[in-house]
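Below is one structure, written out as structure tokens; comments come after it.
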Amino acid sequence: MKKILVATDASEYSKRALKTALELAQKFDAEVELLFVMIDPVVYGFGVADSYVVAPEQVEQDGERALETTLEGIDINGITLKKKKLHGNPGRIIIQEVEDETIDLVVMGSHGYGAILGSVLGSVSQKVLHGAKCSVLIVK
């Protein structure tokens, strides 16, 4: 095992997943990729007059903040860690990243958006668990 991908949404579950991945990385001398998938800006409102688009710069800042929040208070000394932000559907992007980067293990939290929103949107962890071509570790 040489490459571990940690998908984050900056939740406490993601921090737990990162801690677990770092422990495994130490044991197996693996590198860790911390990935945040940014959903592209959305237009809000009901008509042209009251609609607005979230600025791409704001989305980028939010992505950087999510990565930093996940890393906050966690010791990464001695471990190669790269941070990455990608745009799109989180489940699909994570699965694609597994293939593109030849990932050996995905580690992700069991929850993120919350029970109600998660059930409406579908569970990212479920999608990755069933779609990734590598092992997936779900951390509670």
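Can you confirm whether V106 is at pLDDT 95 or above, under 12 Å from the mean Cα position of the chain (by Cα) and under 24 Å from K133 (Cα atoms)? Criteria met by V106.
Checked against (1) more than 20 Å from L129 (Cα to Cα); (2) modelled with pLDDT of 90 or more; (3) not small (G, A, S), V48 passes all but condition (2).
Among the residues of the range 55-83, those that are crowded, with 16+ Cβ neighbours inside 10 Å and either of a type in the set (S, T, N, Q) or over 18 Å from the mean Cα position of the chain (by Cα) (or both) comprise T69, T70, I79. One residue stands out in the range 111-140 among those that are surrounded by 15 or more Cβ atoms within 10 Å (Cβ to Cβ), among the small types (G, A, S) and over 12 Å from the mean Cα position of the chain (by Cα): the one that is modelled with the lowest pLDDT, namely G118.
The values are calculated or read from the model by the stated rules, or taken from the named source; none is laboratory data. No experiment lies behind these values; they were computed from the predicted model shown. Cβ: placed from backbone, ideal geometry, glycine included. Neighbour counts: every protein chain shown.
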